[in-house]
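I have placed the structure first, in the form of structure tokens, so that the comments after it can refer back to it.
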Amino acid sequence: MATQAGHLRLFITGASSGIGEALARHYAALNVAVPQKFQATLGLAARRQRRLFELAAELPGTHATYALDVTNAAALAIAAEDFTARFGCPDVVIANAGVSVGTLTSEVEDLPAFRRVLDTNVLGMVYTFAPFIQAMQARGSGMLVGVASVAGIRGLPGAGAYSASKAAAIAYLEALRVELRGSGIRVVTLLPGYIDTPMTKNNPYIMPFLLPADVAARRFARAIARGTSYAVIPWQMGVVAKLLRLLPNSLFDALFARAGRKPRGLDAS
């Protein structure tokens, strides 16, 4: 991971809770662990302004907060301009913001939820990366990290919007990785399994290999530091996902028709 004089600049969306908050705490902690050799400056973006202020106040180091919705491309462009003017072009941009919701296509009232999930989880990622790419290309280095999900590997009943959004995110990140090949910009696709966050707290089914958010953040950070192009965390979920991908449709359908489903209605981001 390229940095200047041990100074790591990161811009993280969805930073007010869950995986985003855990990543922010992980990187900010480096300001205490190795302060003479390493400094991390964070741009923290999320919808909840008050929570962002509280988080930034708790973190060691100098950080900036941006209260915005990632579906607003103009707001992200303004935030990117401000962060770059104050601290320089970030070394790492983590598009983590996302929403999860149980949806049924047969229920007309769920149609706005489909749009919200797809706009946030797919276009929000595009809007997060777009303002930084030209500056990274001019510098010849940088890392774009997209948080997808193992839910994007096969469609899960009752979560059509979420699975579709994460499948689209995986394909988008792959396309972006190839587009930027040779530019000095690395693209990292992270596929979390079940992580103990507000997004998963209401899931009414068993969540195998569930990871605490801080443990997951450390593993994500290691994958980011390596510049890994594609990482499933925990790795056990990667094995499960690959096996599910190999199942014939008839067997997959029979197994998952009876599976537990996420409650309908927007969940935490």
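Which condition from (1) of a type outside the set (K, R); (2) at pLDDT below 95; (3) out of contact with any strand residue (DSSP E or B) (no Cβ under 7 Å at 6 or more places or on another chain) is the one that E21 breaks?
Only one criterion in (1) of a type outside the set (K, R); (2) at pLDDT below 95; (3) out of contact with any strand residue (DSSP E or B) (no Cβ under 7 Å at 6 or more places or on another chain) is unmet by E21, namely (2).
Any chance segment 250-257 includes a residue that's touching a helix residue (DSSP H, G or I) at 6+ places or on another chain (Cβ under 8 Å) and under 28 Å from A135 (Cα atoms)?
No, segment 250-257 has no match at all.
Report, by residue number, each residue of segment 160-217 that is touching an Asp or Glu at 6+ places or on another chain (Cβ under 8 Å) and assigned to a loop (DSSP other than H, G, I, E, B).
Those that are touching an Asp or Glu at 6+ places or on another chain (Cβ under 8 Å) and assigned to a loop (DSSP other than H, G, I, E, B): P198, M199, N202, L210.
With L55, L104, L59, L76 as the choices, which residue is touching a residue at least 24 places away in the same chain (Cβ under 8 Å) and over 30 Å from G265 (Cα atoms)?
Being touching a residue at least 24 places away in the same chain (Cβ under 8 Å) and over 30 Å from G265 (Cα atoms) holds for just one of L55, L104, L59, L76, which is L59.
Yes or no: A24 closer than 28 Å to L111 by Cα, among the small types (G, A, S) and surrounded by 24 or more Cβ atoms within 10 Å (Cβ to Cβ)?
Judged against the criteria, A24 is not a match.
In the list A259, A241, A254, which residue meets the criterion of being assigned to a helix (DSSP H, G or I), loosely packed, with under 13 Cβ neighbours inside 10 Å, over 15 Å from the mean Cα position of the chain (by Cα) and not polar (S, T, N, Q)?
A254
Across segment 24-50, which residue is nearest to A79 (Cα to Cα) among those that are at pLDDT below 95 and in a strand (DSSP E or B)?
Here the answer is A40.
A223 - would you say it is of a type outside the set (F, W, Y), in a helix (DSSP H, G or I) and touching a residue at least 24 places away in the same chain (Cβ under 8 Å)?
Against the criterion (of a type outside the set (F, W, Y), in a helix (DSSP H, G or I) and touching a residue at least 24 places away in the same chain (Cβ under 8 Å)), A223 qualifies.
Restricting to segment 128-150, what's the tally of residues that are in a helix (DSSP H, G or I) and more than 13 Å from the chain's Cα centre (by Cα)?
10
Scan segment 178-216 for residues that are over 16 Å from the mean Cα position of the chain (by Cα), closer than 22 Å to G238 by Cα and hydrophobic (A, V, I, L, M, F, W, C) and report the count.
Summing the residues that are over 16 Å from the mean Cα position of the chain (by Cα), closer than 22 Å to G238 by Cα and hydrophobic (A, V, I, L, M, F, W, C) in segment 178-216 gives 4.
When V70 is evaluated against the numbered criteria (1) under 19 Å from T128 (Cβ atoms); (2) out of contact with any strand residue (DSSP E or B) (no Cβ under 6 Å at 6 or more places or on another chain); (3) not in a helix (DSSP H, G or I), which criterion, by number, is the only one it fails?
The failed condition is (2).
Report yes if R9 is over 24 Å from L173 (Cα atoms) and among the basic types (K, R), otherwise no.
So R9 fails the test.
I'm checking my understanding of the structure. Among residues of segment 186-210 that are over 28 Å from Q137 (Cβ atoms), of a type in the set (S, T, Y) and surrounded by 14 or more Cβ atoms within 10 Å (Cβ to Cβ), which one is modelled with the highest pLDDT?
Selected residue: Y194.
Failed condition for I206, given (1) among the hydrophobic types (A, V, I, L, M, F, W, C); (2) within 25 Å of A130 (Cβ to Cβ); (3) out of contact with any helix residue (DSSP H, G or I) (no Cβ under 6 Å at 6 or more places or on another chain), with all others met?
(2) is the only condition that I206 fails.
For segment 87-127: of the residues being of a type in the set (A, V, I, L, M) and part of a strand (DSSP E or B), which is nearest to T197 (Cα to Cα)?
Among them, the one singled out is V101.
Specify the residue that is nearest to the chain's Cα centre (by Cα); the eligible residues are those in segment 67-114 that are surrounded by fewer than 21 Cβ atoms within 10 Å (Cβ to Cβ) and among the hydroxyl-bearing types (S, T, Y).
Per the stated criteria, the residue is T71.
The values are calculated or read from the model by the stated rules, or taken from the named source; none is laboratory data. The model shown is predicted, which means the values in this text are computed figures rather than measured ones. Please note: Cβ atoms are built from the backbone with ideal geometry, for glycine as well, and neighbour counts cover all protein chains shown.
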